[in-house]
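Asks: Before I ask anything, here is the structure I am working with.
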């Protein structure tokens, strides 16, 4: 039996590879009523013979680590979507798989859970920077910003 090989949808994930660092704005929310500025670093690498993108994220506020997360993104040919599993320092575990798809230069994920709806958008800008936003909604119709960020790839990592 011949082993499968990553396809064009897996190749698109290579755009994330590297060490992305930048400024973030936390918008006021129930989890952070005041909001404020933060600095984020997202180290991304391809793994599992090119079938998965692995992310290790750290956010700092006031020079101290305030949040950490670990993500794995793969492509499901059956669903024709990307699947994102996320665990974090707030106790988040991948009980809800977040599904996404490319829309032009954006990889957009969305899910719904007992906490409401969330939409995550990665935007690849022409200047080589990576935008990121999270929007939250109680009903899936009215959306409010939770975080907006822009990152530069400080260290291109070999896949």
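The values are calculated or read from the model by the stated rules, or taken from the named source; none is laboratory data. Just so you know, these numbers come straight off a predicted model, no measurement behind them. Cβ coordinates were reconstructed from backbone atoms using ideal geometry, including for glycine residues, and neighbour counts include every protein chain displayed.
Asks: Determine whether residue 41 is under 13 Å from the mean Cα position of the chain (by Cα), part of a strand (DSSP E or B) and within 26 Å of residue 139 (Cα to Cα).
Replies: Here the answer is no, as residue 41 does not meet what is asked.
Asks: If I filter region 108-131 down to residues being touching a residue at least 60 places away in the same chain (Cβ under 8 Å) and in a strand (DSSP E or B), which single residue comes out as surrounded by the fewest Cβ atoms within 10 Å (Cβ to Cβ)?
Replies: 124
Asks: Based on this model, can you work out whether residue 64 counts as modelled with pLDDT of 95 or more and either surrounded by fewer than 13 Cβ atoms within 10 Å (Cβ to Cβ) or touching a helix residue (DSSP H, G or I) at 6+ places or on another chain (Cβ under 6 Å) (or both)?
Replies: The answer is yes for residue 64.
Asks: Would it be correct to say that residue 139 is part of a loop (DSSP other than H, G, I, E, B) and loosely packed, with under 12 Cβ neighbours inside 10 Å? Outline the logic, then answer.
Replies: Values: part of a loop (DSSP other than H, G, I, E, B): yes; loosely packed, with under 12 Cβ neighbours inside 10 Å: yes.
Considered against the rule, which asks whether it is part of a loop (DSSP other than H, G, I, E, B) and loosely packed, with under 12 Cβ neighbours inside 10 Å, residue 139 comes out as yes.
Asks: Quick check on my filter: what residues within region 14-37 are touching a residue at least 60 places away in the same chain (Cβ under 8 Å) and either within 14 Å of residue 62 (Cβ to Cβ) or in a strand (DSSP E or B) (or both)?
Replies: Of everything in region 14-37, those that are touching a residue at least 60 places away in the same chain (Cβ under 8 Å) and either within 14 Å of residue 62 (Cβ to Cβ) or in a strand (DSSP E or B) (or both) turn out to be 18, 19, 20, 21, 22, 23, 24, 25, 26, 29.
Asks: Restricting attention to region 74-87, does a residue exist that is touching a helix residue (DSSP H, G or I) at 6+ places or on another chain (Cβ under 7 Å), more than 21 Å from residue 31 (Cβ to Cβ) and crowded, with 16+ Cβ neighbours inside 10 Å?
Replies: Yes.
Residues are listed down the side, and each one gets a yes or a no for (1) within 16 Å of residue 122 (Cβ to Cβ); (2) in a strand (DSSP E or B):
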residue	(1), (2)
49	no, no
55	yes, yes
68	no, yes
75	yes, yes
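Asks: Also: Go through region 98-107 and give me each residue that's in a loop (DSSP other than H, G, I, E, B) and either loosely packed, with under 12 Cβ neighbours inside 10 Å or free of Cβ contacts under 8 Å to residues at least 12 places away in the same chain (or both).
Replies: Passing the criteria: only 104.
Asks: Determine, yes or no, whether residue 35 is on the phi > 0 side of the Ramachandran plot and touching a strand residue (DSSP E or B) at 6+ places or on another chain (Cβ under 6 Å).
Replies: yes
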